[in-house]
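Since the structure comes first, as structure tokens, the remarks are kept for the end.
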Ligand SMILES: Cc1cc2nc3c(=O)[nH]c(=O)nc-3n(C[C@H](O)[C@H](O)[C@H](O)COP(=O)(O)OP(=O)(O)OC[C@H]3O[C@@H](n4cnc5c(N)ncnc54)[C@H](O)[C@@H]3O)c2cc1C
């Protein structure tokens, strides 16, 4: 478990950084909240009285919170957060979750991170917080433009389905089938439920024990 006690805060928006037509990074005040890389917070626009969970994208050492958000067409919270002006006060609670690295300082422990879309968020926080972490990150995207902040990772593989380019053409699950994982590897999977259950089964089939498989579902 995280060990951090959840608190309620009212941070102000610092800015919104657009990445693509559908995705952006929202930066808000941290207000001293402690967290571990991989954990999430809830965020909402105050007048709407509805919050959603977002994984913290920034590092433990940063004095702000970044979150990477997909702007869901017809969604309630994700488009509203994008429209926020600097200085607007939000509802925020957290931190939540136990999707964290157990011994980040042990560089002999090999990690495999598997993400689809904005499921890359916890791995951004982990890579930023623990620069010596021994990992490979597989990122499933439809288009090359969805390789959000790819320069921030030491070992990044884009698995691209919608264009004939990228490090690997196909889904992350195709990559996993074609590149068997050493059963000693500690695996973290984050994104949509269908990918998570397929990737989990593939990795179990390759001999990775269930206590080395950590899963975080966004939807
Ligand atoms: C632990 C946790 C952490 C999360 N972290 C993030 C994060 O870091 N970034 C992020 O963008 N979302 C994240 N989510 C999803 C987020 O909480 C919301 O579900 C999402 O922003 C949609 O909310 P909405 O009110 O705009 O749309 P709603 O009206 O609530 O949802 C519309 C539909 O959008 C789909 N959907 C939800 N999230 C996504 C997504 N990320 N990509 C594609 N389709 C989606 C679902 O099918 C959902 O039913 C996380 C969810 C959980 C449970």
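The values are calculated or read from the model by the stated rules, or taken from the named source; none is laboratory data. Note that the coordinates shown come from a computational prediction; the quantities given were computed from them, not determined experimentally. For neighbour counting, all protein chains shown are included, and Cβ atoms are generated from backbone atoms with ideal geometry for every residue, glycine included.
The listed residues are 67, 50, 16, and the only one of them that is assigned to a strand (DSSP E or B), within 13 Å of the ligand (Cβ to nearest atom), in contact with a helix residue (DSSP H, G or I) (Cβ under 8 Å, 6 or more places away or on another chain) and touching a residue at least 12 places away in the same chain (Cβ under 8 Å) turns out to be 67. Here the condition is being crowded, with 23+ Cβ neighbours inside 10 Å and closer than 23 Å to residue 16 by Cα; of 76, 69, it holds for 69 alone. Evaluated against (1) within 16 Å of the ligand (Cβ to nearest atom); (2) in contact with a helix residue (DSSP H, G or I) (Cβ under 9 Å, 6 or more places away or on another chain), residue 183 falls short on exactly one condition, (1).
When residue 2 is tested against (1) within 18 Å of the chain's Cα centre (by Cα); (2) modelled with pLDDT of 95 or more, exactly one condition is not met: (2).
Taken over the stretch 55-64, the residue count meeting the criterion of being in a strand (DSSP E or B) and either away from the ligand (no atom under 15 Å from the Cβ) or surrounded by fewer than 24 Cβ atoms within 10 Å (Cβ to Cβ) (or both) is 1.
The combined condition, being modelled with pLDDT under 95 and surrounded by 14 or more Cβ atoms within 10 Å (Cβ to Cβ), is not fulfilled by residue 191.
Taken across the stretch 28-43, residues that are surrounded by 16 or more Cβ atoms within 10 Å (Cβ to Cβ), under 29 Å from residue 204 (Cβ atoms) and in contact with a helix residue (DSSP H, G or I) (Cβ under 7 Å, 6 or more places away or on another chain) do occur, with at least one present.
Report yes if some residue within the stretch 99-111 is closer than 25 Å to residue 178 by Cα, part of a strand (DSSP E or B), touching a helix residue (DSSP H, G or I) at 6+ places or on another chain (Cβ under 9 Å) and touching a residue at least 40 places away in the same chain (Cβ under 8 Å); otherwise report no. Checked the stretch 99-111: at least one residue is closer than 25 Å to residue 178 by Cα, part of a strand (DSSP E or B), touching a helix residue (DSSP H, G or I) at 6+ places or on another chain (Cβ under 9 Å) and touching a residue at least 40 places away in the same chain (Cβ under 8 Å).
When the residues of the stretch 70-94 are filtered to those that are in a strand (DSSP E or B) and more than 7 Å from the ligand (Cβ to nearest atom), the one that is farthest from residue 216 (Cα to Cα) is 89. Only one entry of 121, 125, 115 meets the criterion of being within 9 Å of the ligand (Cβ to nearest atom) and buried (at least 22 other Cβ atoms within 10 Å of the Cβ), and that entry is 121. Restricting 21, 37 to those that are farther than 26 Å from residue 215 by Cα and not assigned by TED's automatic domain parsing to the domain that holds residue 196 reduces the list to 21. Residues that are assigned to a loop (DSSP other than H, G, I, E, B), surrounded by 14 or more Cβ atoms within 10 Å (Cβ to Cβ) and touching a helix residue (DSSP H, G or I) at 6+ places or on another chain (Cβ under 8 Å) do occur in the stretch 141-152, at least one of them.
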